[in-house]
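The values are calculated or read from the model by the stated rules, or taken from the named source; none is laboratory data. Fair warning: this is a prediction, and the values are worked out from it, not measured in the lab. Counting neighbours? That spans all protein chains shown, and the Cβs are built from the backbone with ideal geometry, glycine included. Keep in mind that these areas ignore ligands, DNA and RNA; they rest on the heavy atoms of the full protein, side chains included. Shrake-Rupley method; radii C 1.70, N 1.55, O 1.52, S 1.80 Å.
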Amino acid sequence: MKKNYFAICITRTCGSGGTEIGKMLSEQMGIALYDRKLLRLASEDSGINEKLFAKADQDVKKTILYKVSKAVYNGETIPPESGNFLSDRNLFEYQGKVLRGLLEKESFVVLGRAADFVLKDQKNAISIFLSASPEACFKREMAIMQTDELGVNRHIKSINRYRSDYYKYHTGKKWKNPENYDLCLRTDVLGYQGCVDVIQGYLEKRMNL
């Protein structure tokens, strides 16, 4: 009998603690955590240099192209002989291919990468949006960055704008729309462990674990 693997896809605002919650889920459930490691796996799968995947990510931050155009994921990779083999769209498609392949072999937590959209048709994938109040996000990032108030606010705004643009470009949808996700949780209200408990409880109900 094939094991019932699952994926927990986490989307999070800057300062909400989503990365920590992802790590906690990974450790407490004994499953892998994927974030930028997907770039390496996609590189190995496609034969494309990992630096090109990282560059495609950085391009989101540098150009307004991502604000006015779309390359919506459809699950179809482009063959090497194509002139578009190294396009932003194809690099993202390979990340999606890796995610779907992983789900056939293991359970895991994935941070960002629009994974909720990539795996939206998979019944064994759940999508979570994590956020917190502006005050809570500021306090957390200030403790990490240890810089001035203006610098922290600029950092939070920049990261959230990047994640929103990245999501819109690759999915055609709004990043903060609750209809995109199975669960939307406030980390400053529930606490990190509280969010972990809710996610695990939902997963158990959903997957009959």
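Counting heavy atoms of the protein chains alone, Met145 has an accessible area of about 70 Å² for a 1.4 Å probe.
Given a 1.4 Å probe and the protein chains as shown, Leu111 ends up with an accessible area of around 10 Å². The trypsin sites (Lys or Arg not before Pro) of segment 133-198 that DSSP puts in a loop, and whose beta carbon has at most 12 other beta carbons within 10 Å, are Lys174. At full extension, Ile144 and Arg161 could sit 4.2 nm farther apart than now, given 0.36 nm per residue minus the alpha carbon distance.
Of the cross-linked pairs Lys105/Lys174; Lys97/Lys176; Lys120/Lys174; Lys120/Lys176, which ones have a Cα-Cα span greater than 21 Å in the structure shown? Walk me through the numbers before you get to the answer.
Details: Lys105/Lys174 30 Å; Lys97/Lys176 24 Å; Lys120/Lys174 15 Å; Lys120/Lys176 16 Å.
Table pairs above 21 Å Cα-Cα are Lys105/Lys174; Lys97/Lys176.
In order along segment 134-145, phi translates into HN-Hα couplings of x, 5, 5, 5, 4, 4, 5, 5, 4, 5, 7, 7 Hz, rounded to whole numbers, per the Karplus curve 6.51 cos²θ - 1.76 cosθ + 1.60 with θ = phi - 60° and x for Gly and Pro.
Rolled with a 1.4 Å probe across the full set of protein chains, the surface gives Cys184 an accessible area near 70 Å².
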